[in-house]
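For reference, the structure discussed in these notes is given below.
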Amino acid sequence: MAMRDGGSYQFGLLVPGTPAFLSTWRRTGEWSVWDRHYLVGPGHALTISGGRRLEVIRRRMTAGGLRVESELANSTFPLDWMVATVLAQVLPRRIHAAAAGARGEVQALVDALAVDWLAQASVHKHTRTFVKGRVTATLTRLDVPDWRARGIHLDLAAPDAGALLALLGECRLSPRDDLPLDAWLADAHRRASRGAAPRAA
């Protein structure tokens with residue numbers, strides 16, 4: 001499936017543990033998975049999730065500072081031509097041909113994207129989800145062994161900005177505090193490249 005319309009308003013940040021306010025929310029799920037993240041640059045996120053599914057997200061910012069994320073692709077392998085078109089939009093041009101030729105199976109695409117200049121890492125995630133009203137919370141413990149980085153990321157999502165802004169106000173947070181997961185991964189990659197100590201939540 002690809003080229004989905006719409007999206008949700010998002011806000012994320014690193015937290016030291018489970019926020020107290022989530023104790024009053026309804027818990028909806030829990031799982032662990034290894035995802036392969038590719039840092040393709042601002043505006044998009046590309047992930048191979050659980051070793052079997054390609055996910056591509058488009059990100060934009062509203063005038064009020066909230067992040068809006070729209071799902072461009074969410075597909076198991078083999079990838080059809082629509083997903084291949086999305087992949088070509090977000091990947092650097094010099095690996096278009098290799099990626100297009102490798103869309104039949106996961107390992108072939110992983111191999112095609114295994115170039116030194118494309119930052120990427122395997123990320124272990126232990127995730128719990130919660131919901132209250134129109135807001136969904138995703139709390140994820142992150143471990144990136146290749147970069148010696150760990151953290152806990154909380155992402156809040158709502159279909160309308162008002163619900164999310166109301167919650168941020170209650171928590172004394174501002175849209176300026178937003179930290180998408182890929183931004184944290186990019187920072188972890190920079191630190192690992194410099195040999196600096198990893199920053200954890």
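The values are calculated or read from the model by the stated rules, or taken from the named source; none is laboratory data. This is a predicted model, so every value here is computed, not measured. Positions of Cβ are generated from backbone atoms using ideal geometry, with glycine treated the same way; all protein chains shown enter the neighbour counts. To get the accessible areas, we keep the full protein, side chains included, count just its heavy atoms, and leave off ligands, DNA and RNA. Shrake-Rupley method; radii C 1.70, N 1.55, O 1.52, S 1.80 Å.
Hey, any idea what % of the stretch 8-194's accessible area is carbon plus sulfur with a 1.4 Å probe? It is 51 percent, rounded to a whole number. Taking the charge dipole of the chain about its Cα centre, with +1 at Lys and Arg Cβ atoms and -1 at Asp and Glu Cβ atoms, the residue from Val86, Gly195, Val106 reaching farthest to the positive side is Gly195. Against the main long axis of the alpha-carbon atoms of the chain, helix 81-90 sits at an angle near 70°.
Hey, can you rank 139-149, 106-116 by average C-beta count inside 10 Å, highest first?
139-149, 106-116
Taking every C-alpha pair closer than 8 Å and separated by at least 6 residues, the mean separation divided by the residue count of the chain gives a relative contact order of 28 percent.
Relative to the longest principal axis of the Cα atoms of the chain, the long axis of helix 161-170 lies at roughly 50 degrees.
With a cut-off of 8 Å between alpha carbons and a minimum separation of six or more residues, what is the relative contact order of the stretch 45-107 in percent? Walk me through the intermediate numbers first.
Details: 79 pairs, mean separation 16.8, N = 63.
In percent, rounded to a whole number, it is 27.
Averaged over its residues, the chain has an accessible area of 51 Å² per residue, based on protein heavy atoms and a 1.4 Å probe.
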